[in-house]
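Colleague: Got a structure for you, questions after.
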Amino acid sequence: MHTTRSRFLLAAAMLSAMAASAAAAQTTSFASSYNGASTAGGSCSMSYSIAGAEPSGTGPYPVFIYMVGTSETYNNAAAMAAVNDMASKGYIAATVDYAESQFGTCSVLSAKSSCIFNPNSTLSAVSQLCSRAKADCSKGIVVGGFSQGSILALLAKNYDARVQAAYGIGMSNVYSVYDLSSCVSNGNRTLPSDRLRAVDGERDNFAGGSQSAVQTSLQNVTGQKCAAGSYACMNSNNSGWIIVKNSQVADGSADHCYMRASGDCFGSQNSLDSNWNNGTASWAKDPNLQWLTNFTTK
């Protein structure tokens, strides 16, 4: 009798936990807009879209903001995968469009980031998101992005002190002809390096195309240095940098767009590498997004 009752209580507890987990994972999508800069920077006078998801609960919740890379669609597969993952973790999560068709200098990228993260403008993306009924940005804002978007994320704390940590994909201090050292390298922006996690592919062509060149670039951005040939260099709080090996991605090519299923950056932005999208390795999507949650309150 006692055994039967124990089993019943255990089963009831398991069902309750499963129901609670399912409830926590339920999210609702939303759309909005904000005013941002043009491809040349300048004033925040152009309207851009926001696509987001938020928990179905009452909140309030912290905020996550993601930005895509050059020539990418703001609500592509990687962006929405990150948004939906963070919403399921208890965030008001959104990907924001911006003038992504062209890259730029530090001044141009800073203008784009400023328009997104200006807390003193009611028309900025951060203000639009923080004003949502379920949002509470005093709990913290965390950010992420790919390529050009990763730089906008890295610069976010220059404009909004509530930004707590950043996750950058394809992040570098150099992008072909653009040297961004003066605004993105360790010590040259407001976000401290112990609140940054940068993940690049070992054959990232924009950062030099070899493990050694990519390592040098990541060390410049994060200030975190390890022995030559290293594929990860982490602080005690797991900030730092990670280099994805060719052997870790499905198409065998860990280039700038390693999160895509195939074709390097010529492959579809709406077909994702399963190891990035669903994997548990340190370079995959979820472990990095989970790392961001350490820096906000719930």
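The values are calculated or read from the model by the stated rules, or taken from the named source; none is laboratory data. Note that this is a predicted model, so its numbers are computed, not measured. Using ideal geometry, Cβ is built from the backbone for each residue, glycine included, and neighbour counts are taken over all protein chains shown. Just so you know, the surface numbers come from the protein's heavy atoms only, side chains and all, with ligands and any DNA or RNA stripped out. Shrake-Rupley method; radii C 1.70, N 1.55, O 1.52, S 1.80 Å.
Colleague: Counting only other residues whose beta carbon sits under 14 Å from that of Ser138, what net charge do I get with K and R as +1, D and E as -1? Don't skip to the end; give the middle numbers.
Modeller: On the way: positive: Arg132, Lys134, Lys139, Arg162, Lys298; negative: Asp136, Asp160.
Summing Lys and Arg as +1 and Asp and Glu as -1 gives +3.
Colleague: At 1.4 Å probe radius, can you tell me the per residue accessible area of the range 33-140 in Å²?
Modeller: Details: 3490 Å² over 108 residues.
Heavy-atom accessible area per residue stands at 32 Å².
Colleague: Probe of 1.4 angstrom, ligands and nucleic acids ignored: what's the accessible area per residue over the range 157-298, in square angstrom?
Modeller: Ligands and nucleic acids excluded, the figure is 40 Å² per residue.
Colleague: Now for a separate question. Between 0 and 90 degrees, rounded to the nearest ten: what's the tilt of helix 2-25 against the longest Cα principal axis of the chain?
Modeller: Tilt of helix 2-25: around 30 degrees.
Colleague: Additional query: For Ala153, what charge total do you get from the other residues with a beta carbon under 12 Å from its beta carbon, if Lys and Arg give +1 and Asp and Glu give -1?
Modeller: Values: positive: Lys112, Lys157, Arg189, Arg195, Arg197; negative: Asp160.
Around Ala153, the surrounding residues sum to +4.
Colleague: Follow-up. Taking the Cβ of Ser172 as the center, what net charge do the other residues with Cβ under 9 Å away carry, scoring Lys and Arg +1 and Asp and Glu -1?
Modeller: -2
Colleague: Quick one: pull the percent of accessible area on the range 33-182 belonging to carbon and sulfur, 1.4 Å probe, ligands and nucleic acids left out. Please report the intermediate quantities before stating the final value.
Modeller: Values: 2190 of 4470 Å².
Answer for the range 33-182: carbon and sulfur cover 49 percent of the accessible area.
Colleague: For the range 47-152, what relative contact order do you get, as a whole percent, if you take Cα pairs closer than 8 Å and at least 6 residues apart?
Modeller: Working: 199 pairs, mean separation 41.6, N = 106.
After rounding, I find 39 percent.
Colleague: Express in nm, to one decimal, how much length is gained between Thr39 and Ala281 on full extension, taking 0.36 nm for each residue of separation and deducting their alpha carbon distance.
Modeller: Working: separation 242, 0.36 × 242 = 87.12 nm, distance 3.55 nm.
Extra length from Thr39 to Ala281 when fully extended: 83.6 nm.
Colleague: How much length, in nm to one decimal, is gained on full extension between Asp251 and Ser49, taken as 0.36 nm per residue of separation minus their Cα-Cα distance? Walk me through the numbers before you get to the answer.
Modeller: Values: separation 202, 0.36 × 202 = 72.72 nm, distance 3.23 nm.
Extending this stretch completely gives an extra 69.5 nm.
Colleague: Nearest 10 degrees, 0 to 90: what angle lies between the long axis of helix 211-222 and the longest principal axis of the chain (Cα atoms)?
Modeller: Relative to the chain, helix 211-222 is tipped by roughly 80 degrees.
Colleague: What part of the accessible area of the range 244-298, given as a whole %, is carbon or sulfur when the probe is 1.4 angstrom? Each step should come with its number before you reach the end.
Modeller: On the way: 1090 of 2410 Å².
The value for the range 244-298 is 45 percent carbon and sulfur by accessible area.
Colleague: For the chain, give the share of DSSP beta bridges that are antiparallel, in percent and rounded to the nearest 5; count only bridges with both residues there. Numbers along the way, then the final one.
Modeller: Working: 21 of 46 bridges.
Expressed as a percentage, antiparallel bridges in the chain total about 45.
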